[in-house]
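Worksheet for the structure shown next.
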Amino acid sequence: MALDGITIAALTHELDETITGGRITKIAQPEKDELLLTIKQSKTDDNGKTLRSSKRLTISVNPSLPLMYLNDENKQSPMLAPTFCMVLRKYLNNCRIISIKQEGLERVIRMELEHLNELGDLCKKYLIVELMGKHSNIIFCDENDKIIDSIKHISLLVSSVREVLPGRDYFIPNTQNKLNPFHITESEFTDIVLSKPLPITKAIYTSLTGFSPVMANELLYSSSLSDKNNTDELTDMEKLHLYHNFSIIMDNLHKHIFTPEIIYKNSSSSESVKTEKIPAEFSCINLTLYENDAIYTIKKYTSVSLMLYEYYSSKEIISRILQKSADLRKITSTALERARKKYELQAKQLKDTEKKDKYRIYGEMLTTYGYELKGGEKSITCNNYYTNEEITIPLDETKSAMDNAKHYFDKYAKLKRTLEALTIQIKETQEEVEHLESISNALDMARYEDDLAAIRSEMTEYGYIKKHSSSKKGGKKPGKSKPLHYISSDGFDIYVGKNNYQNDELTFKVATGNDWWFHAKASAGSHVIVKTEGKELPDRSFEEAARLAAFYSSARNQNKAEIDYIQKKHVKKPNGSKPGFVVYYTNYSMTIETDISGIQEVSE
């Protein structure tokens, strides 16, 4: 979801309440399309004590991620400041923020600034932030709205709608002819917005400034009209009801009543990184359409900036991990497909070896009854003394009985050798398939670059990635990937391995003999251990550990999964086996849901 006008309204109000009156003491441009302003404030409390505070305002007009929020993070700036940054420093060093306002419900924030010029006269300037996707920009204007400079220069060769160059007049282009929601009347809402022959939500967000598709869907859902498709299906009463709910939203905006929240999806699709919570949407009004859906979890925030920071940080992590793991996924997928085809071919060859005993019997029967043949026969029918039944044996009429017997004994010996070789090969191939499936599962669980480094190391060790001997000495070593850590409802520590190396470490180093061990049955998945500290484990903790084992396995997209569990002392690792591979012969099993909502995770 992109920033819409309603979120901008909430952000503008928060910024106006938080940093208006403060002074901009530092201006940095860490990226070509990003500003970082340090704002310091001094306020006097009821006791006459001066309270000083410092805030950092990040403004990004990256085409793919336009964003503005308050945070405490600092970024390293380039040694040589860009021209736009130098212009701002010339005029705005130690300037005071007079006001922060939004233009209607446009995605435009106007900061009014007051500073002293070279002669000591008080002057006004405006820093205008446009958060409009690929058209986002930061524009610096004088008190007459003449452009002094901008972080992006836009000429008529780039845009025929508006030039953004020093000396030009600043204005907000109005090319979509949308209505201002603050000034719309009931008749305009029904006659203009709902008269378009379009789906209702599209008619709303294409007609009203500041309304996104999500907001339009929420308006429709809160009006109990989500079963309606097009505007022509609405009755006059339903249109009036829709307008009244629209008025409630606008009234809350007038009163600055905002409820920042992020909607997290509890399970993920096979195309994305599989974590237990993925940010799906954010909003500054209550999105009731997600409240009764078990797939989603809603997290409330007291700050719009914090909501935006957490949402985009989570999205950025997921996007970065997907991008950085793309090569590993491709290598794993290719190797897994090859191993599965190899297994199918070997299984087919193994099935063909079932004929070997038939050929042995043919040879033995010909050795016993071959003296009856006179030569030239195409077959012989004789008694099979193993089963006391008649058997017909095909013959090569150009060969003698003994030569035919030798031919069948040779085929038997060849198939026997093939069986012996295939028995070993098919076991190795099956182990390779299981190993690659476990690597694929680990890639789905990866959250950080350290997790990917551990997986890459394993793939290199087993020959899926070529080793590079040209690595520089003294280079920075990747950090150690840590297992996931949960606390059960009864207070027991539960650990989940994120890759095969961690699985081995958890099972054979972290877990002790009486700790409980969990794993999805016949599926690639994490080793899950529960530290009992010598105490008896309650049923609820058993179930929560099993749910974690189900979710962090290849069975996560099913509603339920079968989980094996056993005390760690009964889990063994065969000599020479691949990481993460274990055996156990006595175990308990349970079928459990793959939903892990409600289980408390401990931050790393």
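Are any residues in segment 165-183 free of Cβ contacts under 8 Å to residues at least 40 places away in the same chain, surrounded by 11 or more Cβ atoms within 10 Å (Cβ to Cβ) and farther than 30 Å from residue 242 by Cα, and if so, which ones?
Those that are free of Cβ contacts under 8 Å to residues at least 40 places away in the same chain, surrounded by 11 or more Cβ atoms within 10 Å (Cβ to Cβ) and farther than 30 Å from residue 242 by Cα: 165, 166, 168, 169.
Taking the conditions exactly as written (free of Cβ contacts under 8 Å to residues at least 60 places away in the same chain and of a type outside the set (S, T, N, Q)), does residue 416 satisfy them or not?
no
Would segment 291-304 turn up any residue that is of a type in the set (Ser, Thr, Tyr) and part of a helix (DSSP H, G or I)? Lay out the reasoning, then the answer.
Narrowing segment 291-304 to residues of a type in the set (Ser, Thr, Tyr): 296-297, 301-303.
With the extra rule that they be part of a helix (DSSP H, G or I), the set shrinks to none.
No; the residues of segment 291-304 include none that is of a type in the set (Ser, Thr, Tyr) and part of a helix (DSSP H, G or I).
Among what's in segment 85-131 and is of a type in the set (D, E, K, R) and part of a loop (DSSP other than H, G, I, E, B), pick the residue that is nearest to residue 42 (Cα to Cα).
Among residues in segment 85-131 that are of a type in the set (D, E, K, R) and part of a loop (DSSP other than H, G, I, E, B), the one nearest to residue 42 (Cα to Cα) is 121.
From the residues in segment 105-142 that are of a type in the set (Gly, Ala, Ser) and surrounded by fewer than 17 Cβ atoms within 10 Å (Cβ to Cβ), which one is farthest from residue 39 (Cα to Cα)?
The residue in question is 133.
Here is a yes/no grid of residues against (1) in contact with a helix residue (DSSP H, G or I) (Cβ under 9 Å, 6 or more places away or on another chain); (2) part of a helix (DSSP H, G or I); (3) basic (Lys, Arg); (4) surrounded by 17 or more Cβ atoms within 10 Å (Cβ to Cβ):
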{"site": "381", "(1), (2), (3), (4)": "no, no, no, no"}
{"site": "392", "(1), (2), (3), (4)": "no, no, no, no"}
{"site": "404", "(1), (2), (3), (4)": "yes, yes, no, yes"}
{"site": "413", "(1), (2), (3), (4)": "yes, yes, no, no"}
{"site": "424", "(1), (2), (3), (4)": "no, yes, no, no"}
{"site": "430", "(1), (2), (3), (4)": "yes, yes, no, no"}
{"site": "436", "(1), (2), (3), (4)": "yes, yes, no, yes"}
{"site": "442", "(1), (2), (3), (4)": "yes, yes, no, yes"}
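Would you check which residues across segment 569-587 are small (Gly, Ala, Ser) and either under 16 Å from residue 511 (Cα atoms) or surrounded by 13 or more Cβ atoms within 10 Å (Cβ to Cβ) (or both) and list them?
577, 580
Between a first residue in segment 49-63 that is surrounded by 19 or more Cβ atoms within 10 Å (Cβ to Cβ) and a second residue that is part of a strand (DSSP E or B) and of a type in the set (D, E, K, R), which pairs have beta carbons less than 8 Å apart while being 6 or more apart in sequence or on different chains?
These pairs meet every condition: 58/34; 59/34; 60/31; 60/34; 61/34; 61/130.
From the list 533, 543, 593, 562, pick out the single residue that is under 21 Å from residue 504 (Cα atoms) and acidic (Asp, Glu).
533
Taking residue 162 as meeting all but one of (1) surrounded by 15 or more Cβ atoms within 10 Å (Cβ to Cβ); (2) in the same structural domain as residue 220 (by TED's automatic domain parsing); (3) assigned to a loop (DSSP other than H, G, I, E, B), write down the number of the exception.
So residue 162 meets the others, but not (2).
Looking at segment 279-318, which of the residues that are aromatic (Phe, Trp, Tyr) and more than 17 Å from the chain's Cα centre (by Cα) is surrounded by the most Cβ atoms within 10 Å (Cβ to Cβ)?
At the first step, the residues of segment 279-318 found to be aromatic (Phe, Trp, Tyr) are 282, 290, 296, 301, 309, 311-312.
Right, trim to more than 17 Å from the chain's Cα centre (by Cα) and you get 290, 301.
Numbers: 290: 21, 301: 19.
Once the filter is applied, the top-ranked residue is 290.
When residue 8 is evaluated against the numbered criteria (1) surrounded by fewer than 15 Cβ atoms within 10 Å (Cβ to Cβ); (2) in contact with a Lys or Arg (Cβ under 7 Å, 6 or more places away or on another chain); (3) in a helix (DSSP H, G or I), which criterion, by number, is the only one it fails?
Condition (1) is where residue 8 drops out.
If residue 331 meets every condition in (1) under 30 Å from residue 184 (Cβ atoms); (2) modelled with pLDDT of 90 or more; (3) not aromatic (Phe, Trp, Tyr) apart from one, which number is that one?
In the conditions (1) under 30 Å from residue 184 (Cβ atoms); (2) modelled with pLDDT of 90 or more; (3) not aromatic (Phe, Trp, Tyr), residue 331 misses (1) alone.
Looking at segment 532-586 only, could you name the residues that are of a type in the set (A, V, I, L, M) and not in a helix (DSSP H, G or I)? Before you say what the answer is, go through the steps one by one.
Going residue by residue through segment 532-586, those that are of a type in the set (A, V, I, L, M) are 537, 545-546, 548-550, 555, 561, 563, 566, 571, 582-583.
Within segment 532-586, 537, 555, 561, 563, 566, 571, 582, 583 meet the criteria.
When the residues of segment 184-225 are narrowed to those that are part of a helix (DSSP H, G or I) and charged (D, E, K, R), which ends up surrounded by the fewest Cβ atoms within 10 Å (Cβ to Cβ)?
191
Could you tell me how many of the residues in segment 319-337 are within 27 Å of residue 427 (Cβ to Cβ), among the charged types (D, E, K, R) and surrounded by 13 or more Cβ atoms within 10 Å (Cβ to Cβ)?
1
Only one residue in 79, 68 is surrounded by fewer than 15 Cβ atoms within 10 Å (Cβ to Cβ) and either in contact with a Ser or Thr (Cβ under 7 Å, 6 or more places away or on another chain) or not β-branched (Val, Ile, Thr) (or both). Which one?
On the way: 68 fails: surrounded by fewer than 15 Cβ atoms within 10 Å (Cβ to Cβ).
Unique residue meeting the criteria: 79.
Is it the case, given these coordinates, that residue 545 is surrounded by 23 or more Cβ atoms within 10 Å (Cβ to Cβ) and small (Gly, Ala, Ser)?
When the stated conditions are applied, residue 545 passes them.
The values are calculated or read from the model by the stated rules, or taken from the named source; none is laboratory data. Only a predicted model underlies this, so the values are computations on that prediction, with no experimental measurement involved. In this analysis, Cβ positions are derived from the backbone assuming ideal geometry, glycine residues included, and neighbour counts consider all displayed protein chains.
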